[in-house]
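The values are calculated or read from the model by the stated rules, or taken from the named source; none is laboratory data. Here the structure is a predicted model, which is why all the values come from computation and not from measurement. Methodologically, a virtual Cβ is constructed for each residue, glycine included, from the backbone with ideal geometry; neighbour enumeration extends over all protein chains shown. Heavy atoms of the whole protein, side chains included, go into the accessibility calculation; ligands, DNA and RNA do not. Shrake-Rupley method; radii C 1.70, N 1.55, O 1.52, S 1.80 Å.
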Amino acid sequence: MRILVCEDQDAIRHMIETLVQASGHEVVGVALGAQAVERARAEAFDLVLLDLMLPGALDGFAVIERLRADDATRALPILVISAMDDPDSRARAKELGATDFYGKPFRPLELLNHLG
């Protein structure tokens, strides 16, 4: 599987990349929402792992909106991994089109089981 990871905190992004690569998947990591949208539109991915709290013009909610509005990425599964683990944030992410939601700190084995 080819997975796009969008996480602004370097240590967390590298940990997720290492975890996912070790399970046999190809990973591309970016730090900004705009980079995630650009890469997802330009390249083929099987899944996006997305943080909600991102610096810059596009936070995670905006990334979900942009990906769902584009025919090329409309069906791309988006797994949110975020510390914004309150009911309103979860509901908003789901309403915008997130496939699933993991609160931080998340359980690595649970994530790997989801990836298959």
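Overview of values
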quantity: Selection count where residues are surrounded by fewer than 14 Cβ atoms within 10 Å (Cβ to Cβ) and part of a loop (DSSP other than H, G, I, E, B), scope region 24-38; calculated: 1
quantity: In region 65-113, the residues that are closer than 18 Å to Arg2 by Cα, free of Cβ contacts under 8 Å to residues at least 40 places away in the same chain and of a type in the set (A, V, I, L, M); calculated: Leu67, Ala72, Ala75, Leu76, Ile78, Leu79, Val80
quantity: Residue within region 83-95 that is of a type in the set (A, V, I, L, M, F, W, C) and modelled with pLDDT of 95 or more present; calculated: yes
quantity: Hits in region 46-58 (condition: surrounded by 15 or more Cβ atoms within 10 Å (Cβ to Cβ) and over 23 Å from Val20 (Cα atoms)); calculated: Leu58
quantity: Yes/no for Leu19 being in a loop (DSSP other than H, G, I, E, B) and crowded, with 16+ Cβ neighbours inside 10 Å; calculated: no
quantity: Residues (within 19 Å of Gln9 (Cα to Cα) and open to solvent by 50 Å² or more (accessible area, probe 1.4 Å)) located in region 85-107; calculated: Asp85, Pro105, Arg107
quantity: Tally, over region 74-85, of residues that are more than 13 Å from Met53 (Cα to Cα) and not in a strand (DSSP E or B); calculated: 4
quantity: Flag if Ala42 is touching a residue at least 12 places away in the same chain (Cβ under 8 Å) and either buried (at least 17 other Cβ atoms within 10 Å of the Cβ) or more than 11 Å from the chain's Cα centre (by Cα) (or both); calculated: no
